[in-house]
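A.B. asks: Quick one: the structure is below, questions incoming.
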Ligand SMILES: C[S@@+](CC[C@H](N)C(=O)[O-])C[C@H]1O[C@@H](n2cnc3c(N)ncnc32)[C@H](O)[C@@H]1O
């Protein structure tokens, strides 16, 4: 598969890195790397594959056997944990920990149409939303995801689709060159609270957008005014890498401080145990294990339970 980057501002940045990515995915010293590679190799070749990326991430073919389907299922199980999805691989439904489609449904009618846009999805996980962005006719979608297993899940889909519009790369936002000004839309969803300096993250996002480009920012928030922020001293919902949870008015004021324009909060939703839960494809603990069942609305550490806001803004 070839990067369709010719003539794009991204060519100088990414073309020299591509061989390094394939090397990293082959030689990283992660203990599970051999298992993941075996899983990818075990994926059976299936002919006449088509995709429906408008209603979900749905791979179809009328041309496969039950033996192939069983091989496929075994191979995909080797890429556990499946957190972001769901995915349909022919007859196999991957019921992921998260109903990421619900997040997509909350935002899709509020954002600039993605037709012919160059899009960045920071912290894209398995790439679920990247595929939905391609389904919304984006020209090119670059997803950044440092966790290798999620890169492998993206490659499992790519093995069947060979779609040069969608790339998930093993990079962090901090690796993007400063002042790239290359993307028409940037999604940062579920990343801001993982950053020790939220302002650095917002500045990186702004610098990567072209003038007039759109930021779609989704993050954990708390109730409160433009002074409200929670910085959990210990864990938050068992996560030890959570830093700043602002109130929505404070988050809006951070964006104003950085001279973002047209700032709008388009959704605030409390995460439910229907949206994030343990499934056969993600067998570890999940949201219900992180909540205080004696005190509704609180995490086991006594913090407000997870609530997420989606904001849009323009450079
Ligand atoms: C909570 S998940 C969100 C996934 C997806 N964006 C969504 O909204 O469903 C956050 C993802 O961001 C990745 N991540 C964390 N820090 C990052 C960084 N600095 N740059 C890029 N990705 C990052 C994590 O590995 C993780 O997969």
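The values are calculated or read from the model by the stated rules, or taken from the named source; none is laboratory data. The structure displayed is predicted, hence computed values, not measured ones. No Cβ is skipped: glycine too gets one built from the backbone with ideal geometry, and neighbour counts run over all protein chains shown.
A.B. asks: What are the residues in the stretch 196-228 that are in a loop (DSSP other than H, G, I, E, B), surrounded by fewer than 17 Cβ atoms within 10 Å (Cβ to Cβ) and away from the ligand (no atom under 13 Å from the Cβ), if any?
C.D. replies: Across the stretch 196-228, the qualifying residues are 223, 224, 225, 226, 227, 228.
A.B. asks: Answer yes or no: is there a residue in the stretch 37-44 that is exposed (fewer than 14 other Cβ atoms within 10 Å of the Cβ) and out of contact with any helix residue (DSSP H, G or I) (no Cβ under 9 Å at 6 or more places or on another chain).
C.D. replies: No, the stretch 37-44 contains no residue that is exposed (fewer than 14 other Cβ atoms within 10 Å of the Cβ) and out of contact with any helix residue (DSSP H, G or I) (no Cβ under 9 Å at 6 or more places or on another chain).
A.B. asks: Checking the condition out of contact with any strand residue (DSSP E or B) (no Cβ under 9 Å at 6 or more places or on another chain) and surrounded by fewer than 17 Cβ atoms within 10 Å (Cβ to Cβ), which residue from 77, 93 passes?
C.D. replies: Working: 93 fails: out of contact with any strand residue (DSSP E or B) (no Cβ under 9 Å at 6 or more places or on another chain).
The unique qualifying residue is 77.
A.B. asks: Based on this model, can you work out whether residue 113 counts as out of contact with any strand residue (DSSP E or B) (no Cβ under 6 Å at 6 or more places or on another chain), modelled with pLDDT of 95 or more and assigned to a loop (DSSP other than H, G, I, E, B)?
C.D. replies: The answer is yes for residue 113.
A.B. asks: So residue 264 passes all but one of these: (1) farther than 26 Å from residue 102 by Cβ; (2) part of a strand (DSSP E or B). Which condition number does it fail?
C.D. replies: Single failed check for residue 264: (1).
A.B. asks: Which residues, taken from the stretch 270-289, are part of a strand (DSSP E or B) and surrounded by 15 or more Cβ atoms within 10 Å (Cβ to Cβ)?
C.D. replies: 276, 279, 282
A.B. asks: Filtering the stretch 229-261 down to residues that are assigned to a strand (DSSP E or B) and touching a strand residue (DSSP E or B) at 6+ places or on another chain (Cβ under 8 Å), which residue is farthest from residue 207 (Cα to Cα)? Explain how you work it out, then say what you get.
C.D. replies: Going through the stretch 229-261, the residues assigned to a strand (DSSP E or B) turn out to be 229-230, 236, 239, 245-247, 261.
Among the residues that remain, those that are also touching a strand residue (DSSP E or B) at 6+ places or on another chain (Cβ under 8 Å) are: 229-230, 236, 245-247, 261.
Details: 229: 25, 230: 27, 236: 30, 245: 23, 246: 22, 247: 24, 261: 14 Å.
Top of the filtered list is 236.
A.B. asks: Do you know which residues across the stretch 116-127 are assigned to a strand (DSSP E or B) and either free of Cβ contacts under 8 Å to residues at least 40 places away in the same chain or away from the ligand (no atom under 16 Å from the Cβ) (or both)?
C.D. replies: Once the filter is applied, which keeps residues that are assigned to a strand (DSSP E or B) and either free of Cβ contacts under 8 Å to residues at least 40 places away in the same chain or away from the ligand (no atom under 16 Å from the Cβ) (or both), the stretch 116-127 yields only 118.
A.B. asks: Is there a residue in the stretch 47-67 that is in contact with a helix residue (DSSP H, G or I) (Cβ under 9 Å, 6 or more places away or on another chain) and part of a helix (DSSP H, G or I)?
C.D. replies: No, every residue in the stretch 47-67 fails to be in contact with a helix residue (DSSP H, G or I) (Cβ under 9 Å, 6 or more places away or on another chain) and part of a helix (DSSP H, G or I).
A.B. asks: Tell me which residues, restricted to the stretch 78-115, are over 24 Å from residue 266 (Cβ atoms), more than 16 Å from the ligand (Cβ to nearest atom) and touching a residue at least 24 places away in the same chain (Cβ under 8 Å).
C.D. replies: 78, 88, 89, 90
A.B. asks: Which pairs have Cβ atoms under 6 Å, sit 6 or more apart or on different chains, and link a residue in the stretch 171-191 that is free of Cβ contacts under 8 Å to residues at least 60 places away in the same chain to one that is near the ligand (Cβ under 8 Å from one of its atoms) and assigned to a loop (DSSP other than H, G, I, E, B)?
C.D. replies: 172/146
A.B. asks: Follow-up. As an exercise: evaluate residue 72 against (1) buried (at least 16 other Cβ atoms within 10 Å of the Cβ); (2) in contact with a helix residue (DSSP H, G or I) (Cβ under 7 Å, 6 or more places away or on another chain); (3) not in a loop (DSSP other than H, G, I, E, B) and give the number of the one condition it does not meet.
C.D. replies: Here residue 72 meets the rest and fails (2).
A.B. asks: Return the residues of the stretch 168-195 that are out of contact with any helix residue (DSSP H, G or I) (no Cβ under 9 Å at 6 or more places or on another chain) and more than 10 Å from the ligand (Cβ to nearest atom); say none if nothing qualifies.
C.D. replies: Matches in the stretch 168-195: 184 only.
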